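*Asks:* Sending over a structure as C-alpha cells; questions will come in a sec.
Quick note: the coordinates plus some simple rules give every number you see, no bench work behind them. This is a predicted model, so every value here is computed, not measured. So basically every Cβ, Gly included, is an ideal-geometry build from the backbone, and we count neighbours across all protein chains shown.
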Amino acid sequence: MNQKITKGLHNNTWICRDTWRRKLGIFCAKTCFRFRNLGELTLVPVICIIMVALTRIGLVGLAVMGQNLALNIAEKGFPISVYNRTTSKVDETKPRVVIVLVKAGPPVDETIKTLLVYWRKEIVSSTGETSCTKQGEEREIRGGMGVSGGEEGARSGPSLMPGGSYKAYKYIEDILLKVAVQVTDSGPCVTYIGKGGSGNFVKMFHNGIEYGDMQLIAKAYDVLKSAGKLSNEELRQVFSKWNNGELLSFFIEITADIFGIKDDKGEGYLVDKVLDKTGTKGTGKWTVQQAAELSVAAPTIALSLDSRFLSGLKDERIEAAKVFTSWGLGGFMADVAIDKNKLVDDVRQALYA
C-alpha cells in the first residue's frame, strides 16, 4: 500500500491500515485511518472525503452487528470501508454502496443526511437497520435490508432480507450471497424480498415471531420449574432431549445450555439469579401494530409483548404478590402430586403445538 498519505487538516495524523491493526488489534479496511494526535492514540469522530483507495461497499455503524458483518464481508474477499458516527473506527473512502447498521430512529436520518453530503446522486445504497416499515420506506434511499443472526451470525453468516430497489440489490448480490449463512441443501440464506420497505417489514415480523417463541419457552420453563419442581440439571436434560426431536432449534439449544451454567461469582446456577425483568426494542410492538392495522390476529406475539410490559413492572408485581399471599393464594401448587414424566411430555406437546 502506498505509504505516502496526504496529511489531514488541524495537524491530524493519517495511520495506515497495517499500523492501526498492529497497535489496536481492530479490523480495518484497505485504506488509511485518521486520528487526532494527542500523544496517546485517541479516537475522535471524523468524516473525511479524501479518497485514498476506492472500495465498492461501505458500512456505517460499528456496534456489535456492524463490526462483525464488516469482518464477514472482508473475509469473503470484498474490500470494505467502515464508519461510525460516535467513534473514529473509520475508513475514509467513498464507496458506491453503503450498508447502514445503526440504531433505529433519529440516528438513521442523521447518518443518511451526513452521507448524502458526500455521495453523488447516482450512488445506490442499502440500509440494514431494523425499523418500522413505514419509517424504513421514508428513510430508504434505494434499498432496505433486514439482517438476522446476532453477533455470531453477523460474523460467520447472517440471514439477509434485502428489499427496495432491485438495482441496488443486484449491485451487491454477489457480496450478499457469499456473506450470508450457507444452509445445507438450500444454499445462501438471502433473497430479494420486494419493493419499498419489504426487507425491513419481513425482519420486523421475524423479530415479532421470536418474541412469541421466547415467551412460549419461558412459559414451558415456568411450568416445569414451578409445578414440576424440576431441578436445573433436570431442565437441562429435558431441553437437550427436546432439541434432538421435533423442537430442534437454536432457542431450545441455548436454553438447554443456560440451565447448565454455574455462577462463577458465587454459589448455585446463573439462571436462578437473572432478574425477571425485561424490556423491548420496538420490533414486537411494531409487529402487533401492523397486524392490528391489517386486521390479522397475532395473539401469541401480542401476549408475549404484554408479558414483557408486565415484567418491567417489577415493584408493582412484588406488591401484588403480597396481596395474593395474604389471600392464601401463594404456593397453591406446593402440595399437589405431579407426575414429572407426564408433565414433561404434556409441556413438550404444548410447546410444539
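*Asks:* Mind checking segment 211-266 for trypsin sites (Lys or Arg not before Pro) that DSSP puts in a loop (not H, G, I, E or B) and that have at most 14 other Cβ atoms within 10 Å?
*Replies:* 229, 265
*Asks:* A further question on this structure: For segment 275-353, taking Cα atoms only, what is the radius of gyration to one decimal and the Dmax to the nearest whole Å?
*Replies:* Using the Cα atoms of segment 275-353, the pair Rg, Dmax is 17.2, 47 Å.
*Asks:* Still on this model: In segment 244-311, what GluC sites (Glu not before Pro) fall in a loop by DSSP, with at most 16 other Cβ atoms inside 10 Å?
*Replies:* When the GluC sites (Glu not before Pro) of segment 244-311 are filtered for loop state and at most 16 Cβ neighbours within 10 Å, 246, 267 remain.
*Asks:* How about segment 257-353: which chymotrypsin sites (Phe, Trp or Tyr not before Pro) there are in a DSSP loop, with at most 14 other Cβ atoms within 10 Å of their Cβ?
*Replies:* Passing sites in segment 257-353 are 327, 332.
*Asks:* Can you tell me the order of 202-212, 153-163 when each peptide is scored by its average per-residue count of other Cβ atoms within 10 angstrom, highest first?
*Replies:* 153-163, 202-212
*Asks:* Once the piece of chain linking residue 274 and residue 262 is laid out straight, how much longer is it, given 0.36 nm per residue of separation minus the C-alpha distance between them?
*Replies:* Going from the current span to full extension adds 3.1 nm.
*Asks:* Go through 170/195; 170/281; 229/342; 219/285; 225/277 and tell me which ones have a Cα-Cα distance over 22 Å in this structure.
*Replies:* Distance filter (> 22 Å) returns 170/281.
*Asks:* If you look at just the Cα atoms of segment 210-352, how large are its Rg and its Dmax in Å?
*Replies:* My reading of the Cα-based Rg and Dmax gives 16.9, 50 Å.
*Asks:* While we're looking at this one, here's another question. Between Rg and the Kirkwood Rh of segment 144-299, both from Cα atoms, what is the Rg to Rh ratio?
*Replies:* 1.04
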